[in-house]
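Note sheet for the following structure.
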Amino acid sequence: MNGNDFAFDSRLDTAFLDLLYEGDREHAARVFDQFLKGIHMQIKEVDDEFASGNTELFRRKVHMIKPIFSFVGLTGLTGKAEIIEKKCNQVSMITDMTDLYKDFRSNIVEYIPIIETELLKLKV
């Protein structure tokens, strides 16, 4: 970001974030805060749909959360969500995606502390 020499964590898509927020730390902080307030419930909802075994409902939940990852610089997770969405239309049983989903979910959990730290930095 241009203003105040702020730099996002290099594990995030910094080029995308710089372009998206254009130095507006306050806006970025609001978005990061909203992400953190909702992500645990959203993960639970996706988990519940995966556990239900209904591939279409699972696909819809993944589709709904897909864009939020990019807004906090997790464009790689946006891409993984897209892969999961496509795979839902190709498999006969949801269990065929267990490894793919576990990897996606663990990546989300792995990045939450990074987003929390970035939010604290944005608020300074």
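The values are calculated or read from the model by the stated rules, or taken from the named source; none is laboratory data. Keep in mind it's a predicted model, so treat the numbers as computed, not measured. So basically every Cβ, Gly included, is an ideal-geometry build from the backbone, and we count neighbours across all protein chains shown.
Select from region 41-58 the residues that are over 15 Å from the mean Cα position of the chain (by Cα) and of a type outside the set (A, V, I, L, M, F, W, C) and write down the one among them that is farthest from Val91 (Cα to Cα).
Asp48
Residues being modelled with pLDDT of 95 or more and not in a loop (DSSP other than H, G, I, E, B): count how many of those fall in region 1-55.
Final tally of qualifying residues: 37.
Out of curiosity, is Ile83 surrounded by fewer than 17 Cβ atoms within 10 Å (Cβ to Cβ), out of contact with any helix residue (DSSP H, G or I) (no Cβ under 6 Å at 6 or more places or on another chain), in contact (Cβ under 8 Å) with a residue 12 or more places away in the chain and among the hydrophobic types (A, V, I, L, M, F, W, C)? Steps first, please.
Details: surrounded by fewer than 17 Cβ atoms within 10 Å (Cβ to Cβ): yes; out of contact with any helix residue (DSSP H, G or I) (no Cβ under 6 Å at 6 or more places or on another chain): yes; in contact (Cβ under 8 Å) with a residue 12 or more places away in the chain: yes; among the hydrophobic types (A, V, I, L, M, F, W, C): yes.
When the stated conditions are applied, Ile83 passes them.
Within region 27-49, how many residues are of a type outside the set (S, T, N, Q) and either out of contact with any helix residue (DSSP H, G or I) (no Cβ under 8 Å at 6 or more places or on another chain) or over 26 Å from Ala7 (Cβ atoms) (or both)?
11
Could you list, in sequence order, all residues of region 29-67 that are touching a residue at least 60 places away in the same chain (Cβ under 8 Å) and touching an Asp or Glu at 6+ places or on another chain (Cβ under 8 Å)?
Of everything in region 29-67, those that are touching a residue at least 60 places away in the same chain (Cβ under 8 Å) and touching an Asp or Glu at 6+ places or on another chain (Cβ under 8 Å) turn out to be Phe32, Leu36.
Which one is surrounded by the most Cβ atoms within 10 Å (Cβ to Cβ) among residues in region 40-80 that are out of contact with any Lys or Arg (no Cβ under 8 Å at 6 or more places or on another chain) and of a type in the set (Ser, Thr, Tyr)?
Applying the filter and picking the extreme gives Thr55.
Here is a check on your reading of the model: is Lys87 basic (Lys, Arg) and over 30 Å from Asp9 (Cα atoms)?
Against the criterion (basic (Lys, Arg) and over 30 Å from Asp9 (Cα atoms)), Lys87 qualifies.
With (1) hydroxyl-bearing (Ser, Thr, Tyr); (2) in a loop (DSSP other than H, G, I, E, B); (3) within 28 Å of Ala7 (Cα to Cα) as the list, and Ser70 as the residue in question, which single condition is left unmet?
(2)
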